[in-house]
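What follows is a set of notes on a single structure, which appears directly below.
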Amino acid sequence: MKNALRSTLLAAGLLLAGSAWAQMSPVGTWHTIDEQTNQPRTEVVISDNAGVLTGRITRLLRPGADPAARCTACTDDRKDQPMVGLEIIRGARQAEGRTVWESGRILDPEDGRTYTLRLTPIEAGRKLQVRGSIGPFGRTQTWVRVQ
């Protein structure tokens, strides 16, 4: 009986530890937050494919947003692509030994510019610091985990 209880507790502990680690990853569903209104702007799903992260807009959340909007400001292969489904994060990889994902690019679909990207889970993975920069200049946003 003791061995069965011990095995159950060990399995539960491993499950919780794995769940906590998963939360310290950018992989999941996030709400981007409008810096002026502090309200959700878009929903972005970040996925992992063999250690490389990508992120796509899955919903426009701003009141009055046109669900058929297209990225008219984009200048690469995303030019005139629908905003819903648009890949805005490409190529981020986890920095060795740290819970930071770098070396990728993030697109601002409002102006069509792409920026060097750094993703850092904070607050036990409930939020994500998203830093986009060009050279020494940049801006950090905080996204909120949905799932």
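The values are calculated or read from the model by the stated rules, or taken from the named source; none is laboratory data. Everything quoted here is computed from the prediction, not taken from an experiment. Note that each Cβ is placed from the backbone with ideal geometry, even for glycine, and that neighbours are counted across all protein chains shown. Remember, those area values only see protein heavy atoms, side chains included, never the ligands or the DNA or RNA. Shrake-Rupley method; radii C 1.70, N 1.55, O 1.52, S 1.80 Å.
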Q: Taking Arg139 as meeting all but one of (1) more than 16 Å from Thr32 (Cβ to Cβ); (2) of a type in the set (Lys, Arg); (3) open to solvent by 90 Å² or more (accessible area, probe 1.4 Å), write down the number of the exception.
A: (1)
Q: Being at pLDDT below 95 and in a loop (DSSP other than H, G, I, E, B) narrows it down to one of Asn3, Asn38, so name that one.
A: Asn38
Q. From the residues in the stretch 46-64 that are surrounded by 14 or more Cβ atoms within 10 Å (Cβ to Cβ) and of a type in the set (A, V, I, L, M), which one is farthest from Ile89 (Cα to Cα)?
A. Leu61
Q: Give the number of residues within the stretch 91-136 that are open to solvent by less than 70 Å² (accessible area, probe 1.4 Å), touching a strand residue (DSSP E or B) at 6+ places or on another chain (Cβ under 8 Å) and at negative phi.
A: 25
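Give me the strands (runs of 3 or more DSSP E) completely within the stretch 65-147, filtered to those with at least 3 residues that are within 20 Å of Val52 (Cβ to Cβ), ordered by residue number. Can you show your working first?
Numbers: elements: 87-94, 101-108, 113-122, 127-134, 137-145.
In the stretch 65-147, the matching strands (runs of 3 or more DSSP E) lie at 87-94, 101-108, 113-122, 127-134.
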Q: Only residues in the stretch 96-107 that are more than 26 Å from Leu86 (Cβ to Cβ) and touching a residue at least 12 places away in the same chain (Cβ under 8 Å) count as the first member; pair them with residues that are assigned to a loop (DSSP other than H, G, I, E, B) and not acidic (Asp, Glu), Cβ under 8 angstrom, at least 6 apart or cross-chain, and list the lot.
A: Thr99/Met24; Thr99/Ser25
Q.
Report every pair of residues separated by at least 6 positions or lying on different chains whose Cβ atoms are under 7 Å apart, first residue within the stretch 23-38 and more than 17 Å from Leu53 (Cβ to Cβ), second β-branched (Val, Ile, Thr) and modelled with pLDDT of 90 or more.
A. His31/Val144; His31/Val146; Ile33/Thr142; Ile33/Val144
